[in-house]
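Below: one structure, written as structure tokens.
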Amino acid sequence: MEPESPAFVHALSQKSSQTNLLSLNDDVLYILMEELSSIIDLLSFMRASYFLYNLGIPILLKGTITLTTENGIHSFRSFLVARTYQERAHLRKLKIRNGEWHLRYPVVSRSSVRTSFAAILRHATHLESLEIEVCRPIFKTRYPIAIKALASMTTLRHLALGNASYARNAIHTLLEDLSSPISTLVIDGSIDANWNSMPVILLRMKDSMTRLSLSVVPMFLPLMQLQLPHVEELSLTVQGELVSPEYLPRVFPKLKGLSMTKYEWMWGSEEEGTIIRRRHGSFGWSSLDFVSSDPESLLHFGTTCPIRYAHTCSVDSSSFSAFSTFLTSAKPSVLRFEFTLSGSPMALFNIDVDPLYDALSAIPHLVELYIGFTFVVVNPADSARFTDAWELFLRFLQTSSITTLVVKINLSDGDCTIPSFQRGTTQDRAFEIIEKMPKLYRLLMSTYWENGDEEYWHFHRGKPDVSEEVDKEGMKAYWTEIEGPIWEHHQHRY
């Protein structure tokens with residue numbers, strides 16, 4: 001019986017086994033409890049005896065504590081208050097999630113939640129990470145008890161505040177009074193009424209901050225006078241007009257990773273982007289480890305330096321040229337993008353994908369490619385355009401040095417029948433790729449159809465080669481194995 005299996009945990013929790021269990025050395029018991037695969041298993045173990053309950057408390061608190069209900073907040077407050085200082089010191093990460101629960105309770109009830117939350121913070125003497133999915137029920141300017149408790153903490157390093165638009169004044173007060181040396185700050189939602197004072201707040205954090213995520217950011221935010229020399233990872237959701245795009249490299253000179261999202265109406269044409277670049281010169285960073293943005297923003301912001309990992313949104317007929325220009329300058333070694341065939345039949349037949357593949361072929365060190373083909377047009381006559389794009393893609397693969405390839409074919413949005421992409425042919429398409437690429441080491445391939453059917457194929461070159469159909473969970477496992485070290489580190493999903 002495996003130590004982490006439910007049957008094992010259940011057996012240990014039975015009274016008949018307590019004598020043998022408690023005869024084990026404390027260190028052995030502690031190691032066993034640390035190896036349990038979930039909090040539920042750990043709690044089952046702790047219920048076996050009062051001794052095991054106390055032994056498991058440090059292990060329980062060392063993980064991320066997630067509270068999702070009003071009762072959960074009150075209960076955890078009672079639990080934490082009853083613990084010793086040494087036990088409370090193990091609590092390092094706390095999340096308040098699923099914020100919609102507060103809508104079911106009256107204002108008086110929310111006030112009691114703030115009181116309990118403030119008590120938790122006062123007893124969380126070594127808390128380093130706090131994430132609040134919905135700030136409104138927790139923070140209220142007229143009831144500042146939670147704000148004061150959080151502002152007085154000195155151990156926080158990671159602070160993430162979601163749904164900030166509905167608690168903007170309280171959050172602004174909190175940031176002004178914050179005592180902790182924050183290294184990671186995440187604000188999800190606009191606090192636009194207070195943006196003009198944000199530079200002063202950020203300047204107070206400049207010596208400790210290494211990661212910053214702001215959403216939504218008006219681009220008139222007066223950052224020009226700032227310099228945050230230690231920020232290495234930046235995530236922005238922007239709106240409004242960009243007057244001086246070159247200020248970002250000046251404000252964040254040591255940046256290594258940039259994630260940027262914009263509203264569709266923000267930018268003009270690629271020609272306007274070229275004018276901006278000519279006006280300001282080749283402004284930007286000398287190099288970046290990671291960039292995630294849309295093709296137009298990549299050009300407008302001048303991120304034409306060498307980039308190791310690049311992730312962009314769906315590339316279609318309107319952004320082929322911008323994306324190709326970016327690839328020519330950045331030459332990433334790892335690239336992830338979605339290639340979309342959509343629009344009217346006339347638009348489809350006017351798409352010229354050759355420049356895109358030419359740009360890809362010109363990247364000498366492109367070793368990992370994550371590409372999606374999405375076909376959205378419902379006119380059966382247009383299926384030939386998809387087939388043409390696929391044939392060009394195979395020709396590009398023949399000349400590439402890619403060793404890891406992830407391909408997603410999405411046919412779920414249209415009614416077109418594509419003869420070479422029928423159900424059951426994912427394996428055939430995978431073998432087409434493998435034959436073209438003798439240097440290919442790893443291939444993940446998925447196909448999605450309009451009725452919800454899905455097919456997954458995995459290839460791993462070795463001794464012997466592994467070529468297999470897998471289910472959705474198997475594909476997720478392989479996907480994490482391949483991309484986890486890169487994307488999980490750089491993509492900020494706070």
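Matching residues to (1) assigned to a helix (DSSP H, G or I); (2) at pLDDT below 65:
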position	(1), (2)
S197	yes, no
S215	no, no
P245	no, yes
R250	yes, no
P253	no, no
S282	no, yes
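Within the range 98-111, is even one residue β-branched (V, I, T) and at pLDDT 80 or above? Walk me through it before giving the result.
Quick first cut of the range 98-111, residues β-branched (V, I, T) only: 107-108.
If we keep only those that are at pLDDT 80 or above too, we end up with none.
No, the range 98-111 contains no residue that is β-branched (V, I, T) and at pLDDT 80 or above.
From the residues in the range 217-243 that are touching a Gly at 6+ places or on another chain (Cβ under 9 Å) and modelled with pLDDT of 75 or more, which one is farthest from V291 (Cα to Cα)? Walk me through how you get there before you give the answer.
We begin by selecting, within the range 217-243, every residue touching a Gly at 6+ places or on another chain (Cβ under 9 Å); these are 217-221, 232-235.
Going one step further and asking which of them are modelled with pLDDT of 75 or more, we end up with 232-235.
Working: E232: 12, E233: 10, L234: 10, S235: 10 Å.
So, considering only residues that are touching a Gly at 6+ places or on another chain (Cβ under 9 Å) and modelled with pLDDT of 75 or more, the one farthest from V291 (Cα to Cα) is E232.
Condition check: modelled with pLDDT of 85 or more and more than 26 Å from F386 (Cβ to Cβ). Does D465 satisfy that?
Working: modelled with pLDDT of 85 or more: yes; more than 26 Å from F386 (Cβ to Cβ): yes.
Yes; evaluated as a whole, the condition is true for this residue.
When the range 419-459 is examined, which residues are found to be at pLDDT below 85, in a loop (DSSP other than H, G, I, E, B) and surrounded by 15 or more Cβ atoms within 10 Å (Cβ to Cβ)?
T425
For the subset of the range 327-355 comprising residues that are aliphatic (A, V, I, L, M) and either modelled with pLDDT of 80 or more or not in a loop (DSSP other than H, G, I, E, B) (or both), which member is nearest to V367 (Cα to Cα)?
Just the residues of the range 327-355 that are aliphatic (A, V, I, L, M), to begin with: 327, 330, 334-335, 341, 346-348, 351, 353.
Going one step further and asking which of them are either modelled with pLDDT of 80 or more or not in a loop (DSSP other than H, G, I, E, B) (or both), we end up with 327, 330, 334-335, 341, 346-348.
Working: L327: 14, A330: 14, V334: 6, L335: 9, L341: 25, M346: 35, A347: 32, L348: 29 Å.
Among residues in the range 327-355 that are aliphatic (A, V, I, L, M) and either modelled with pLDDT of 80 or more or not in a loop (DSSP other than H, G, I, E, B) (or both), the one nearest to V367 (Cα to Cα) is V334.
Return the residues of the range 365-382 that are in contact with a strand residue (DSSP E or B) (Cβ under 8 Å, 6 or more places away or on another chain) and modelled with pLDDT of 65 or more; say none if nothing qualifies.
Listed by number, the residues that qualify are L366, V367, E368, L369, Y370, I371, G372, F373, T374, F375.
Please go through the range 64-73 and pick out each residue that is in a helix (DSSP H, G or I) and within 19 Å of I39 (Cα to Cα).
First, the residues of the range 64-73 that are in a helix (DSSP H, G or I): 70-73.
Listed by number, the residues that qualify are N71, G72, I73.
The values are calculated or read from the model by the stated rules, or taken from the named source; none is laboratory data. Just so we're clear, the structure is a prediction, and the values are computed from it rather than from any experiment. Because the Cβ atoms are built from the backbone with ideal geometry, glycine has one as well, and the counts that use them run over all protein chains shown.
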